[in-house]
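Structure, as structure tokens:
The values are calculated or read from the model by the stated rules, or taken from the named source; none is laboratory data. Just so you know, these numbers come straight off a predicted model, no measurement behind them. FYI the Cβ positions are ideal-geometry reconstructions off the backbone, even for glycines, and counts take in every protein chain you see.
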Amino acid sequence: MLEIQNLHTHYGPSHIIQGIDLTVRDGEVLGVFGRNGVGKTTLLKTVAGWIQPTNGHILFNNEPIDGQQPDRIARRGVGFVPEDRRIFPGLSVEENLTLGFLQVPGRSSADSRAALERIYQRFPRLAERRYQHGTTLSGGEQQMLAMARVMIGKPSLLLVDEPSEGLAPMIVADLFAIIAEMKAAGCAVLLVEQNVHQALAVCDRFIVIERGRIVLSGDAKDKENCDRLLETIAV
Amino acid sequence: MRMIDALTRSMRASHLLVALLVAASLVFAAIGAAMGETFYLRLATEALIFAGLALSVDILLGYNGLLSLGQALYFGLGAYLSALVLMWVPSFWAAFAVTAVVSAVVGLIGGFIANRVRGVYFALITFGMAQVAAKVVYNTRALGASDGLIGVPVIDINLGIISFSSASPAGFFLFVLGVIVILYGVTAYLLDTPFGRLLIALRANERRVPFLGYRTMTLRLSAYVIAAMIAALSGALYPMLRGFVSPELLFFSTSGNAVITVIVGGVGTLAGALYGSVLLTLLKSVVGSYTEHHVIVIGLLFMGAVIFLPRGLMGIVRPAVERMLTRRSKP
């Protein structure tokens, strides 16, 4: 599914990602942990095409996507939910959702409508507020909308950046349940999260990044590994 | 009850306001024709033609967040193309078809140049392109140089069941009204489709849109070409009204007036462009009959609108219409 080989990314003169190698398989959640500013978000942005890597390769379904524009990467089936949600002001909840349709080329309007209804069944709060402006929703609802908008495009790889930030525990639990559902449906997930305890519950494997390098990786179901992870990032 | 989202409700309010303007225009045309009026019918026709130009500015400014200071380039292009075609073949359809095709091509080229940058640089590039075109026209003898092209013939526009003469003040006013309403209708339809939603999304957050799989350059270019064509098709009507075209149509004053029209009328409302144009054209004429310094009054109006009516005339009127529509749609 996703294979990253010797990835290097710079922000101007700053060398942020310093040679990362990783793989994410179909239906697998890979947790990316580490302190602030170590390059977790940069890693996601580089995979999504927001930032171009300075060296290394990113293969998605065995085809290189490094150096491609974000719209092309998105059309290949990579969904990105950024940290700040980015709901489009001036558009209603439903309009925000329908923008996600293009990621499924050739889908008929009846299929699109059915996809929208499925989303509304999964997110009843969004159904209730479908005609409201997206920016009038609460923080949790906006995060739901951002997730739903990406889900409607049926991505095969989901990049999620800090989904629980600033949200109530109940909403966070629901968000992780959605990630678990995506995983069960065969979607690969690269999850950047500060809430390590809750994230580990949905992760299959994890990596810890420090100063742009992977310093620890392991199976998230192995207690010993998890203890080492918590020790490394001092949670 | 079928719920409608806020954007569609706003668009419906705009449609209602345009319908009101059309109704008032029909009454005005009937009274004008009965009284044998010429001056005010011609003036109102000019207001409608410049409303088309303002509409094109509103597509870019209101829906795309792009301030074009050079929309006169396309308006003037349409006017000159129409004049040249009409002097060769006195056919409205030939003039309109040539204008549509050429403006789409020129809009595409201009769009590629201007859309490489954003914000103030976009405004400066559009301004620069229009200035270059104006200077070329001003210094080209084949285009009449500073005198422009005079002697555009009177034409009969045959629509099958009805025919309009460009020499008939009431008849041509009604025809131009029809054309501008069609341009408004096409614009409103496009902006109320997913394409319009994408433009709004683009204006709100251009960096986020590509992550949903959309190419922003294609979207911006499409909006730019549509705006260019609307400006040019409006400009194509000008020589039919006045019988001449001059390089002033490409000058900054034409682009600037269109921007002021949209800001006074209400940015992003479409109907505001139409109302703003009627208001500004009327004001220029009335004030111009007292003093040659009418630009000062227009400037003061612009400043007043920016300070006291940041959402323009439509900022007051349209919410009231929307409330009325909401009340009516409740069971």
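Summary of computed values
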{"quantity": "Lone qualifier among B:95, B:24, B:30 - being part of a helix (DSSP H, G or I) and touching a Leu at 6+ places or on another chain (Cβ under 8 Å)", "calculated": "B:95"}
{"quantity": "Count of residues meeting criterion [closer than 15 Å to residue B:212 by Cβ and either more than 13 Å from every other protein chain (Cβ to nearest Cβ) or among the acidic types (Asp, Glu) (or both)] in segment A:60-75", "calculated": "1"}
{"quantity": "Sole residue being touching a Ser or Thr at 6+ places or on another chain (Cβ under 6 Å), surrounded by fewer than 21 Cβ atoms within 10 Å (Cβ to Cβ) and either in contact (Cβ under 8 Å) with a residue 40 or more places away in the chain or of a type outside the set (Asp, Glu) (or both), chosen from B:20, B:69, B:43, B:108", "calculated": "B:43"}
{"quantity": "Any hit, segment B:180-196, residues being within 14 Å of chain A (Cβ to nearest Cβ), under 16 Å from the mean Cα position of the chain (by Cα) and either crowded, with 22+ Cβ neighbours inside 10 Å or more than 15 Å from residue B:242 (Cα to Cα) (or both)", "calculated": "yes"}
{"quantity": "Checklist (1) farther than 23 Å from residue B:213 by Cβ; (2) in contact with a strand residue (DSSP E or B) (Cβ under 6 Å, 6 or more places away or on another chain) applied to residue A:168, failing item", "calculated": "(2)"}
{"quantity": "Subset tally (residues that are within 14 Å of chain A (Cβ to nearest Cβ), assigned to a loop (DSSP other than H, G, I, E, B) and surrounded by fewer than 24 Cβ atoms within 10 Å (Cβ to Cβ)) for segment B:213-266", "calculated": "2"}
{"quantity": "Options B:272, B:288, B:243, B:299: the member that is touching a residue at least 60 places away in the same chain (Cβ under 8 Å) and over 29 Å from residue B:10 (Cβ atoms)", "calculated": "B:243"}
{"quantity": "Residue match in segment A:64-78 (condition: among the hydrophobic types (A, V, I, L, M, F, W, C), touching a residue at least 40 places away in the same chain (Cβ under 8 Å) and within 24 Å of residue A:184 (Cα to Cα))", "calculated": "yes"}
{"quantity": "Residue, farthest from residue A:202 (Cα to Cα), within segment A:46-59, restricted to residues that are surrounded by fewer than 21 Cβ atoms within 10 Å (Cβ to Cβ) and within 14 Å of chain B (Cβ to nearest Cβ)", "calculated": "A:52"}
{"quantity": "Conditions (1) hydrophobic (A, V, I, L, M, F, W, C); (2) at pLDDT below 90; (3) farther than 26 Å from residue A:86 by Cβ; number of the one not met by residue A:208", "calculated": "(2)"}
{"quantity": "Contacts under 9 angstrom Cβ, first residue in segment B:183-211 being within 28 Å of residue B:233 (Cβ to Cβ), partner part of a helix (DSSP H, G or I) and of a type in the set (Asp, Glu), 6 or more apart", "calculated": "B:187/B:58; B:194/A:95; B:197/A:95; B:200/A:95; B:201/A:95"}
{"quantity": "Helices (runs of 4 or more DSSP H) completely within segment A:123-235 that count 1 or more residues being within 19 Å of residue A:36 (Cα to Cα)", "calculated": "A:196-202, A:223-232"}
{"quantity": "Hey, residue A:78 at pLDDT 90 or above, aliphatic (A, V, I, L, M) and closer than 21 Å to residue A:167 by Cα or not", "calculated": "no"}
{"quantity": "Where residue A:87 falls short, out of the listed (1) over 25 Å from residue B:219 (Cα atoms); (2) within 13 Å of chain B (Cβ to nearest Cβ); (3) of a type in the set (Val, Ile, Thr); (4) over 15 Å from the mean Cα position of the chain (by Cα)", "calculated": "(1)"}
{"quantity": "Among the residues listed as A:191, A:230, the single one being surrounded by fewer than 16 Cβ atoms within 10 Å (Cβ to Cβ) and either in contact with a helix residue (DSSP H, G or I) (Cβ under 8 Å, 6 or more places away or on another chain) or hydroxyl-bearing (Ser, Thr, Tyr) (or both)", "calculated": "A:230"}
